[in-house]
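A.B. asks: Below you'll find the structure I mean.
What follows is calculated from the coordinates using simple rules that are stated; it is not laboratory data. Source: prediction; values computed, not measured. No Cβ is skipped: glycine too gets one built from the backbone with ideal geometry, and neighbour counts run over all protein chains shown.
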Amino acid sequence: MPQIAQLAETYSSQIFWLLIVFGLVFFIIGRGMAPKVMETVGQRDQQIADDLAAAQSSRDAADEQEAAWRARENANRAAAQALVAEAKAKSATATEARLAKAQVLIDALTTDAEARIGAARTEAAAEIQSVAAEAAQDIVARLAGIKVTKTAAAAAVKKAMAHG
Amino acid sequence: MVGEPAKVDPMHQFTIEPLFGSAGWEVAGFNIAFTNSALWMVITAVVLWLFMLGGMKRQLVPGRWQMAVEFFTGFIDSLVEANVGAAGKKYVPYIFSLFMFILFANVLGLMPLGIVGIHPFTFTSHFTITGVLAIMSFSIVLVVGFWKHKLHFFSLFIPSGTPLAMAIIIFPIELVSFLFRPFSLGLRLFVAMMAGHVLLEVLSSFVIDGWNAGAGFGLLVGVPSFLLMVAICALEILVAGIQAYVFALLTSLYINDAEHLH
């Protein structure tokens, strides 16, 4: 086993060259190059983090603006709806007033007409009685040859009409 | 090779050889020969540097290579973050270097470069190397622990709420288990890498010796051994990654102990 067989003659050169070479590796690569590589990685990570933060803040700003726009839009919509409702209410009131006026007119006309119809009906009924009395007088005179007074005939007709 | 049996020594791959006539180099009486082990440390460091270079383009939208490098830094960063917390940020360069150095060394040692005549040397299969790495991690734990908590660091060895009678027994047990950490840390990597390479080498010797012994043995022993080698190569790539990960994970766990005690 050369590791042990050659130990006495080679240990010093092994240690000497290892210290020199590893020393160079440590100072040039470990302390010189590795931190720069890690720094590059760090810079990249920082850049990515910054970009992400910027994107996030832009997004937040956009969200904020959208919310503001939405609020404005909602306010405008509400105002428009209020206007529409007001106009609707106004026109409804006006229509109602006109309708009420017309109704009053119609009611008056109807009452008038009803009164006229009532008068005409009474008149017609009176006329029917007198006609019926005359007819009854006439019928009795012809059939029985009895002369009946106008008053008696009228009373009889009234009695018959009252019985229906 | 006629008449001479092919000989495969599974341990030969771990032999350290001085290169470029550097065998005699010395500093203060210590030999510092530039060996094949040192060469592969340098190759590992250069390949790792080239890999990292692809991650230095610093593009906002990364390409594939940059993504790969960023995956590894992110992986270690999150590992340390998960185990040590925010205080672990300062250990990321060390743990990253450790993880990538071990990972690249393990994987490069598995590369089939022998086909083109270059024989990779897996220096993480030497406990002199893994031991030094483990001692470095352990030293950081000790230094940070005593720096931050002074002598209060010893309370790490007494779980909170332990009665005094139990604490007297538990303290030495915990202390010993703490002191064994560098050994287990270093030996784990060394053993895992060496075992895998020895296994591959032994299986390859079965393939070669089997076919040398005739077609019958070749089919009976060589072919199944070769298939097993292919499967174990895949396993070794997994082990290369896992051992590097375990080393980095345990280091970060030990540092967490030093940072936060319990």
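A.B. asks: Kirkwood Rh, Cα Rg: Rg to Rh for chain B?
C.D. replies: So for chain B, dividing Rg by the Kirkwood Rh gives 1.06.
A.B. asks: Of all the stretches in chain B, which is the longest one without any exposed loop site, taking trypsin sites (Lys or Arg not before Pro) in a DSSP loop (any state but H, G, I, E, B) with at most 13 other Cβ atoms within 10 Å?
C.D. replies: With a cap of 13 other Cβ atoms within 10 Å, the longest stretch comes to B:58-262.
A.B. asks: May I ask you to sort A:THR122, B:THR251 by Cβ crowding, counting other Cβ atoms within 10 Å and putting the fewest first?
C.D. replies: A:THR122, B:THR251
A.B. asks: Then there's this: Nothing charged except the Cβ atoms of Lys and Arg (+1) and of Asp and Glu (-1): what's the magnitude of the dipole of the protein assembly as shown about its Cα centre? Round to the nearest 20 debye.
C.D. replies: 2100 debye
A.B. asks: Same structure, new question: If R₀ is 60 angstrom, what is the calculated FRET efficiency for the pair A:ALA120 and A:ARG59, using the beta carbon separation as r and rounding to 0.05?
C.D. replies: It comes to 0.10.
A.B. asks: Then there's this: With each label point set 7 Å from Cα along the Cα-Cβ vector, what nm distance links A:MET161 and B:PHE30?
C.D. replies: 16.0 nm
A.B. asks: Taking every residue in B:120-130, how many Cβ atoms of other protein chains lie within 10 Å of its Cβ, on average?
C.D. replies: Whole-number average of other-chain Cβ neighbours for B:120-130 is 3.
A.B. asks: Moving on. Once the Cα atoms of helix B:223-260 and of chain B are each reduced to a long axis, what angle between those two axes, in degrees from 0 to 90 to the nearest 10, is obtained?
C.D. replies: 20 degrees
A.B. asks: Counting only other chains, what is the mean number of Cβ atoms within 10 angstrom of the Cβ of each residue in peptide A:3-10?
C.D. replies: Average per residue, whole number: 6.
A.B. asks: At 222 nm, what helix-only mean residue ellipticity would chain B give, in deg cm²/dmol to the nearest 500, using -39500 (n - 2.57) for each DSSP H run of four or more?
C.D. replies: My calculation for chain B gives -22500 deg cm²/dmol from helical runs alone.
A.B. asks: Where does the charge balance sit around B:GLN66 when Lys and Arg score +1, Asp and Glu -1, over other residues with C-beta under 10 Å from its C-beta?
C.D. replies: +2
A.B. asks: Moving on to the next point. For chain A, what is the mean residue ellipticity at 222 nm derived from helices alone (per DSSP H run of n ≥ 4: -39500 (n - 2.57); sum divided by total residues; nearest 500 deg cm²/dmol)?
C.D. replies: -33000 deg cm²/dmol, from helical runs alone.
A.B. asks: For the stretch A:38-164, what number of Lys pairs, 8 or more residues apart or on separate chains, have alpha-carbon atoms under 24 Å from each other?
C.D. replies: 6
A.B. asks: On a 18 Å Cα-Cα criterion, which of the cross-link pairs A:LYS36/B:LYS57; B:LYS90/B:LYS150; B:LYS89/B:LYS148; B:LYS89/B:LYS150 come out too long?
C.D. replies: Listed pairs above 18 Å: B:LYS90/B:LYS150; B:LYS89/B:LYS150.
A.B. asks: Here's another thing I want to ask about it. Can you tell me the FRET efficiency between B:MET56 and B:ILE169 if r is taken as the Cβ-Cβ distance and R0 is 56 Å, rounded to the nearest 0.05?
C.D. replies: The calculated FRET efficiency here is 0.55.
A.B. asks: Please compute the average number of Cβ atoms from other chains found within 10 Å of each residue's Cβ in peptide B:31-41.
C.D. replies: Across B:31-41, the average partner-chain Cβ count within 10 Å equals 5.
A.B. asks: Sticking with this structure for a sec: Around A:SER58, under 12 Å between beta carbons, what's the net of Lys plus Arg minus Asp minus Glu among the other residues?
C.D. replies: Around A:SER58, the charge tally is -3.
A.B. asks: Assuming R0 = 22 Å, what is the FRET efficiency of B:LEU179 and B:ALA87, from their Cβ-Cβ distance, to the nearest 0.05?
C.D. replies: 0.35
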